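Here is the structure we will look at.
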Amino acid sequence: MNSWLVWALLSALFAALTAILAKVGVADVNPNLATAIRTAVILVFTWGIAFFTSSKSDWLGIAPRAWFFLVASGLATGLSWLCYFRALKLGEVAKVAPVDKLSVAIAIILAVTVLGEKIKLHEALGAGLIVFGVIVMVIK
């Protein structure tokens, strides 16, 4: 199995756990405060990992362009999390999580239109099935 696939499957597993744990955690908490608490934990955790696994040259070698896009990505992540926790507070995990995963299809569309990536027919079909699956899951 490709190493990227192992990491991607672990990501999916932890994202699924995130939805369940967050739904229980946000039940009696303001969703913005819940997001802040989660973000603080992530901040400490990831800085610890970065500190112990990065060399001085890694830190000094970050180009301004990379800084810009990493900061922009962080802002988009923060907005995503705020919206996700609000949605979890208001809705069911079985509906919120699939809609959140529309990000897969949207990312593919953006990769093609913005980054110029080429996708194969089966990848486009897979993205279409994700969209169809979300529609099926959220229609009453």
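From the list LEU43, LEU125, the one residue that fits, being of a type outside the set (Lys, Arg) and under 21 Å from LEU17 (Cα atoms), is LEU43.
Among the residues of segment 78-108, just one is open to solvent by less than 60 Å² (accessible area, probe 1.4 Å), free of Cβ contacts under 8 Å to residues at least 24 places away in the same chain and either more than 18 Å from ILE130 (Cβ to Cβ) or in contact with a strand residue (DSSP E or B) (Cβ under 9 Å, 6 or more places away or on another chain) (or both), namely GLY91.
Would a scan of segment 15-29 turn up a residue that is open to solvent by 100 Å² or more (accessible area, probe 1.4 Å) and closer than 21 Å to ASP100 by Cβ? Yes: one or more hits.
Entry remark, segment 121-140: residues being farther than 13 Å from LYS95 by Cα and either free of Cβ contacts under 8 Å to residues at least 24 places away in the same chain or in contact with a Cys (Cβ under 6 Å, 6 or more places away or on another chain) (or both) number 10 in total.
To keep it simple, each residue is scored yes or no on (1) aliphatic (A, V, I, L, M); (2) touching a residue at least 24 places away in the same chain (Cβ under 8 Å); (3) touching a helix residue (DSSP H, G or I) at 6+ places or on another chain (Cβ under 8 Å).
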{"residue": "LEU5", "(1), (2), (3)": "yes, no, no"}
{"residue": "PHE14", "(1), (2), (3)": "no, no, no"}
{"residue": "ALA19", "(1), (2), (3)": "yes, yes, yes"}
{"residue": "GLY25", "(1), (2), (3)": "no, no, yes"}
{"residue": "PRO31", "(1), (2), (3)": "no, yes, yes"}
{"residue": "THR46", "(1), (2), (3)": "no, no, no"}
{"residue": "GLY61", "(1), (2), (3)": "no, no, no"}
{"residue": "PRO64", "(1), (2), (3)": "no, no, no"}
{"residue": "ALA72", "(1), (2), (3)": "yes, no, no"}
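When segment 35-55 is filtered for residues that are of a type in the set (Val, Ile, Thr) and open to solvent by 90 Å² or more (accessible area, probe 1.4 Å), the ones remaining, listed by number, are ILE37, VAL41, VAL44, THR53.
The values are calculated or read from the model by the stated rules, or taken from the named source; none is laboratory data. Remember, predicted model here, so these are calculated numbers, not experimental data. We place every Cβ from the backbone using ideal geometry, glycine too, and count neighbours over all the protein chains shown. Just so you know, the surface numbers come from the protein's heavy atoms only, side chains and all, with ligands and any DNA or RNA stripped out. Shrake-Rupley method; radii C 1.70, N 1.55, O 1.52, S 1.80 Å.
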